[in-house]
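Contents: one structure, followed by commentary.
The values are calculated or read from the model by the stated rules, or taken from the named source; none is laboratory data. Here the structure is a predicted model, which is why all the values come from computation and not from measurement. Virtual Cβ from ideal backbone geometry, glycine too; neighbours counted across all protein chains shown. Each accessible area value is taken on the protein alone, full model and side chains, heavy atoms only, with ligands, DNA and RNA left out. Shrake-Rupley method; radii C 1.70, N 1.55, O 1.52, S 1.80 Å.
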Amino acid sequence: MKVIISGGGTGGHIFPAISIANALREIDPSTEILFVGAKGKMEMEKVPAEGYEIKGLPVAGFHRQITLHNVIRNIAFPFKLIASMYQARKIVKTFKPDAAVGVGGYASGPVLKSASSAGIPCLLQEQNSFPGVTNRILAQKAKKICVAYPNMERFFDANKIIMTGNPVRQQLLQATNKSEGYEYFGVDPNKPVILVIGGSLGARSINNGIKETLDVLGEDCQLIWQTGKIYYDDIKATLDANPRANVKAMAFIQRMDLAFAIADIVISRAGASSISELSLLGKPSILVPSPNVSEDHQTKNARALSDKDAAILVRDADTTSLLREAKEALAEPGKLETLKTNIKEFARPNAAMDIANEVIALIKQNKL
């Protein structure tokens with residue numbers, strides 16, 4: 001089999017894509033997989049690190065917020081799109097895939113459009129409860145659409161929808177030895193741990209809210225804080241000026257499996273992949289939807305959980321309340337247990353393998 005997997009931009013698109021690729025290889029180790037992403041985005045680094053080939057397109061998004069910087073970038077949008085369409089057609093023609101998988105993100109548009117025009121069956125993987133523009137357009141030509149939330153027939157043809165859930169990084173499930181986690185991060189096993197993850201790129205508002213309220217943490221709790229690379233120097237300077245032994249800040253957490261293993265509560269953005277991982281691990285969570293995403297889909301993701309008492313929802317404008325909310329939850333074991341139990345109802349542990357099997361079924365059907 002030869003499969004193209006396209007999309008990216010954030011860890012929320014990249015990690016599910018890699019999980020699908022791993023599942024395809026697990027089923028058939030001889031499967032040839034080619035990733036196609038957007039030049040300059042994190043997939044160009046993360047995908048090769050997992051042992052897969054990737055090609056980059058110059059495609060970029062259209063910026064709706066009116067600023068001088070965005071207007072200048074939007075002028076280049078049609079030229080980058082045309083160049084990306086030409087390159088995508090060339091990649092499809094050269095690689096000759098048996099199927100194409102789109103996981104969302106800028107690059108998936110030109111690639112899946114080119115693939116479907118060439119008669120190659122396409123599958124979409126929609127992570128969110130409210131799909132982005134690219135996937136809504138591509139859905140017209142896709143043969144199957146794998147989703148993680150109910151009621152998606154509002155956006156897609158009901159006959160194409162398959163409820164699979166979102167693939168997660170399987171290595172997150174492998175760390176069960178908490179003592180290794182406590183040692184790795186240098187934290188006290190006798191004090192609760194609050195884990196803050198603002199997404200793979202970091203989150204300015206979450207970082208600012210935490211930074212401004214560090215005194216709320218006190219001495220009885222510990223904080224493991226993924227800041228994101230662009231915010232790390234500023235936060236490190238703050239901590240250097242006022243050292244706190246119970247705060248461990250880092251730009252990116254390489255051993256997220258160990259971080260999750262020892263976390264008693266997690267503060268996170270409400271991206272679909274993050275929610276899927278938290279659900280699978282059964283982690284009590286405080287979700288802070290990003291306001292800077294299309295159609296405010298993270299709020300819809302988070303509300304799907306908070307309405308079921310499966311997570312605590314805090315608005316982006318209220319990030320100074322995050323540490324207080326976390327400490328209040330930690331002080332109520334019954335509440336933590338409720339959150340833990342209810343969030344597990346959203347878990348789909350076999351998502352990657354289910355999607356891989358749908359890809360294979362598409363290929364077989366197309367060859368009949």
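Here Lys248 clears all of (1) open to solvent by 30 Å² or more (accessible area, probe 1.4 Å); (2) out of contact with any strand residue (DSSP E or B) (no Cβ under 6 Å at 6 or more places or on another chain); (3) basic (Lys, Arg) except the condition numbered (2). Taken as a whole, the stretch 200-220 holds no residue that is among the basic types (Lys, Arg) and under 15 Å from Ala263 (Cβ atoms). Just one of the numbered conditions (1) in contact (Cβ under 8 Å) with a residue 40 or more places away in the chain; (2) not in a loop (DSSP other than H, G, I, E, B) is not true of Leu124: (1).
For the stretch 218-227, filtering for residues that are within 12 Å of Ala245 (Cβ to Cβ) and either modelled with pLDDT under 95 or among the β-branched types (Val, Ile, Thr) (or both) leaves 1. Given the condition within 30 Å of Leu24 (Cα to Cα), among the charged types (D, E, K, R) and open to solvent by 70 Å² or more (accessible area, probe 1.4 Å), answer yes or no: does some residue in the stretch 317-339 qualify? Scanning the stretch 317-339 turns up no residue that is within 30 Å of Leu24 (Cα to Cα), among the charged types (D, E, K, R) and open to solvent by 70 Å² or more (accessible area, probe 1.4 Å).
Pick out the one residue from Ile235, Ile253 that is surrounded by 15 or more Cβ atoms within 10 Å (Cβ to Cβ) and not in a helix (DSSP H, G or I). Quick ask: steps written out before the conclusion?
On the way: Ile235 fails: not in a helix (DSSP H, G or I).
Of the residues listed, the single one that is surrounded by 15 or more Cβ atoms within 10 Å (Cβ to Cβ) and not in a helix (DSSP H, G or I) is Ile253.
Could you check the stretch 257-276 and list, in sequence order, the residues that are part of a helix (DSSP H, G or I) and either open to solvent by 10 Å² or more (accessible area, probe 1.4 Å) or closer than 20 Å to Tyr106 by Cβ (or both)?
Initially, the stretch 257-276 is screened for residues part of a helix (DSSP H, G or I), giving 257-262, 272-276.
Of everything in the stretch 257-276, those that are part of a helix (DSSP H, G or I) and either open to solvent by 10 Å² or more (accessible area, probe 1.4 Å) or closer than 20 Å to Tyr106 by Cβ (or both) turn out to be Asp257, Ala261, Ala272, Ser273, Ser274, Ser276.
Of all residues in the stretch 318-330, none are closer than 30 Å to Ile18 by Cα and touching a strand residue (DSSP E or B) at 6+ places or on another chain (Cβ under 7 Å).
Quick one: would you say Gly104 is out of contact with any Ser or Thr (no Cβ under 7 Å at 6 or more places or on another chain), closer than 30 Å to Ile253 by Cα and modelled with pLDDT under 95?
Numbers: out of contact with any Ser or Thr (no Cβ under 7 Å at 6 or more places or on another chain): no; closer than 30 Å to Ile253 by Cα: yes; modelled with pLDDT under 95: yes.
Criteria not met by Gly104.
The single condition from (1) touching a Gly at 6+ places or on another chain (Cβ under 7 Å); (2) open to solvent by less than 40 Å² (accessible area, probe 1.4 Å); (3) over 22 Å from Phe155 (Cβ atoms) that Ile360 fails is (1).
Among the residues of the stretch 148-168, is there at least one that is within 30 Å of Lys248 (Cβ to Cβ) and among the basic types (Lys, Arg)? No; the residues of the stretch 148-168 include none that is within 30 Å of Lys248 (Cβ to Cβ) and among the basic types (Lys, Arg). Annotation: Asp215 fulfils all but one of (1) open to solvent by 80 Å² or more (accessible area, probe 1.4 Å); (2) in a loop (DSSP other than H, G, I, E, B); (3) among the charged types (D, E, K, R); the unmet one is (2).
Remark: pairs (first residue in the stretch 243-258, in contact (Cβ under 8 Å) with a residue 12 or more places away in the chain; second residue of a type in the set (Lys, Arg) and open to solvent by 30 Å² or more (accessible area, probe 1.4 Å); Cβ separation under 7 Å; 6+ apart in sequence or on different chains) = Ala249/Lys236; Ala251/Lys229; Phe252/Lys229.
From the list Ile206, Ile224, the one residue that fits, being part of a helix (DSSP H, G or I), under 17 Å from Val288 (Cβ atoms) and among the hydrophobic types (A, V, I, L, M, F, W, C), is Ile206. Only one of the listed residues (Ile162, Ile137) is open to solvent by 20 Å² or more (accessible area, probe 1.4 Å), outside any loop (DSSP other than H, G, I, E, B) and in contact with a Lys or Arg (Cβ under 8 Å, 6 or more places away or on another chain). That residue is Ile162.
Within the stretch 194-202, is even one residue under 30 Å from Gly8 (Cα atoms), of a type in the set (S, T, N, Q) and under 27 Å from the mean Cα position of the chain (by Cα)?
yes
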